[in-house]
Amino acid sequence: MEDMGIFDFLIRNLGGFLSITGFANAFWGHYVMIAVGLFFLYIGIIKNLEPMLLVPIGIGILLGNIPFSPGTQIGIYEEGSLLFYLHFGLLKGIYPPLIFLGLGAMIDFSSLISNPKLMLVGIAAQMGIFAAYMISLVFGFSATDAGAIAIIGSADGPTSIFLSSRLAPHLMGAIAISAYSYMALVPVIQPPFMKLLTNDKERVIKMKPPRVVSQREKLYFSIICLIITCCVVPPGMPLLGMLFAGNILKECGVTKRLADTAAGPFTDILTILIGFTMGASTQATSFITWTSLFIFGVGAIAFSTATVTGVLFVKLMNVFLKDENKINPLIGNAGVSALPDSARVSQIMGLRYDKTNHLLMHAMGPTVASTIGSAVVAGIMLSFLGR
């Protein structure tokens, strides 16, 4: 009888153990999201597409979709868990401005300063944002939700997280994953549009080498832009202020250690935290919805619209420019602020049609202009739609 009691005790404990395993608490959605996480790891590691972004996000998706018993303080939405507290940096919009600080410490505004008209290309590409906004409104989303979804068109992950955390926190996971996914797919999505919208003559246009810009000019540019943009759009100050603050650290010449830290280890740590928590926020129980699928679809339209608008706007500008000042339309795609990948695509496409035509430095102008422009648009949306 005593042996039977021990046997029953073991059976009950084994049953209790099995009831808390992931297998016992899983439903089909968990397996779908785990497959998505593995896909992110595949394209990040095997295909080498934006591994610094996609590998942390893929790991986060796996972490966020391991099934568990409710109340065990494991999930990202359960108070007391590690991921719950790390997720605060996304929910409160803390991580994105800090990423912009590191981004500012990396950026060189020389191309934009030497050829200011490239700013117009970056502005034109923001049409992707407004296209997504109108589509979202047509499909019945509120103005605030539509504004958060629309920012995917900027192809700027930190800006997308920042704006959605203020306007639509309940949609932030889908918006952030969509934005970063399309950033990683820049080399896949943009080239077909660039080839379709340009002809053989346009693809081999050689632009004037950008003039040498002094360090003092770059420093003055950042200080002036910080003051003007933040005064014009105060709600965008967390992003714009940090972006130009990081660049001032870089260009002032006396804070090299701070600039190197901001551009290096500081940004790397934030990238890991954003990737893990953003991926984990795709917990199947709350992420797999028709709304998430809609956001991915609208993101594709917005991203494509931004690419097309950038290329076509360069072609329009060339109508009014003298031959020696014409712009190669292959840098129009760089109006999408997927820094620095969109500029790298311009370089690759330029070399494909002329082995001596290097477009990278020219393409950096629209790219950094779009980074500024997307932050300005986010600030404008917050001023009209923010609660």
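A short reminder: the numbers here are calculations on the coordinates, not readings from a lab. This one's a predicted model, so the numbers in the text were calculated from it and none came from an experiment. Here the Cβ positions follow ideal geometry from the backbone for every residue, glycine too, while neighbour counts run over all protein chains shown.
The mean sequence separation of alpha-carbon pairs under 8 Å and at least six residues apart, normalised by the residue count of the range 167-325, gives a relative contact order of 42 percent.
For the range 128-185, the relative contact order works out to 32 percent when only alpha carbon pairs closer than 8 Å and six or more residues apart are counted. Shown for H30, H170: other C-beta atoms within 10 Å of each C-beta, ranked fewest to most, produce the order H170, H30.
In a fully extended conformation the segment linking F27 and T291 would gain 93.1 nm over its present Cα-Cα distance, using 0.36 nm per residue. Between the range 32-56 and the range 176-215, the C-alpha centres lie 24 angstrom from each other. Which loop trypsin sites (Lys or Arg not before Pro) in the range 282-380, with loop taken from DSSP, have no more than 13 other Cβ atoms within 10 angstrom of their Cβ? Answer in residue order: K322, K355.
In deg cm²/dmol and to the nearest 500, what is the mean residue ellipticity at 222 nm of the chain if only DSSP H runs of at least 4 residues count, each as -39500 (n - 2.57), divided by the residue total? It would help to have the intermediate numbers written out before the result.
Details: 23 runs with 269 residues, N = 387.
After summing the helix terms and dividing by the residues of the chain, the value is -21500 deg cm²/dmol.
Which of the peptides 39-52, 226-239 is most tightly packed, and how do the rest follow, judged by the mean count of other Cβ atoms within 10 Å per residue?
Details: 39-52: 16.1, 226-239: 18.1.
For the peptides 39-52, 226-239, the packing ranking is 226-239, 39-52.
Report relative contact order for the chain in percent, whole number only (criteria: Cα-Cα under 8 Å, sequence separation at least 6). Intermediate values should be presented prior to the final figure.
Numbers: 712 pairs, mean separation 107.5, N = 387.
Contact order relative to length: 28 percent.
Of the residues P169, L219, M183, the one whose Cα sits farthest towards the positive end of the charge dipole of the range 144-234 is L219 (charges of +1 on Lys and Arg Cβ, -1 on Asp and Glu Cβ, taken about the Cα centre).
Which loop-located trypsin sites (Lys or Arg not before Pro) does the range 192-286 contain, where loop means any DSSP state but H, G, I, E or B and the Cβ has at most 16 other Cβ atoms within 10 Å? The partial results should precede the final answer.
On the way: sites: K195, K201, R203, K206, R211, R216, K218, K250, K256, R257; in loops: K206, R211.
In loop regions of the range 192-286 (DSSP not H, G, I, E or B), the sparsely surrounded trypsin sites (Lys or Arg not before Pro) are K206, R211.
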